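Here the structure is laid out as structure tokens; the discussion comes afterwards.
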Amino acid sequence: MKILIALDASPHSERALDFVTRMRWPAGSRVIVLSVLQPVVHAVSLPYEPTSIEADLLAEQRRQLEELVAEAERRLRECGFSTEGRVLTGDPRETLVQEALATHADLLVAGSHGRTGMAKLMIGSVSSHLVTHAPCSVMVIKSSTVSSTHSAAPRRAS
């Protein structure tokens with residue numbers, strides 16, 4: 001089974017990673033750890049040149065996401081998974097859907113921020129977009145779902 005897990009440095013992503021490490025998966029399952037760096041969009045109508053400060057900020061954000069992905073891979077390998085990590089740039093919603101398609105993922109796992117109402121309308125919901133548009137099954141991990149499995153010992157299918 002090929003599992004794509006989306007991480008974004010939030011506690012919600014951490015819960016999704018915990019969930020994947022504790023679930024029983026078919027032997028030989030492989031996990032692709034993916035984080036998406038969303039570039040800053042400016043509301044400037046004139047030609048715009050990014051400043052070195054913005055370039056430095058993006059480079060630092062990329063470095064942090066690369067560390068996050070590397071740590072997730074380390075944890076997954078300790079649980080017996082074969083892993084691959086990636087940090088891509090783009091809109092997280094579209095990038096995750098495209099990557100699920102490109103990798104032929106069987107399952108996409110993401111945490112839910114739990115936004116509702118106006119916040120969901122204004123910011124959007126990555127998990128809602130994934131459920132609607134992904135080419136594979138999607139598992140959205142909510143904090144209340146994970147708490148009941150948090151104490152379970154890690155286990156793998158033989």
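Per residue of the stretch 4-17, what does 6.51 cos²θ - 1.76 cosθ + 1.60 with θ = phi - 60° give for ³J(HN,Hα)? Whole Hz please, x for Gly and Pro, Karplus curve as stated.
Here the 3J(HN,Hα) series is 9, 10, 9, 10, 9, 6, 9, x, 5, 5, 4, 5, 5, 5 Hz.
How long is the gain from ALA102 to GLU67 if the chain were fully straight, where each residue apart is worth 0.36 nm and the alpha carbon distance is subtracted?
Stretched fully, the ALA102-GLU67 segment lengthens by 10.2 nm.
Restrict the search to the stretch 1-36; then list the trypsin sites (Lys or Arg not before Pro) that DSSP places in a loop and that have at most 16 other Cβ atoms within 10 Å of their Cβ.
ARG24
At what distance in nm do the modelled label points of MET1 and SER137 sit from each other, each positioned 7 Å from its Cα along Cα→Cβ?
Label at MET1, label at SER137, 0.6 nm between them.
So for each of 57-67, 133-143 I average, over its residues, the number of other beta carbons within 10 Å; can you give me the resulting order with the highest mean first?
133-143, 57-67
Readers should treat all values here as calculations from the given coordinates under stated rules, not as data from a laboratory. A quick note: this is a predicted structure, and the numbers were derived from the prediction, not measured. Heads up, the Cβs are rebuilt from the backbone with ideal geometry, glycines too, and the neighbour counts pull from every protein chain shown.
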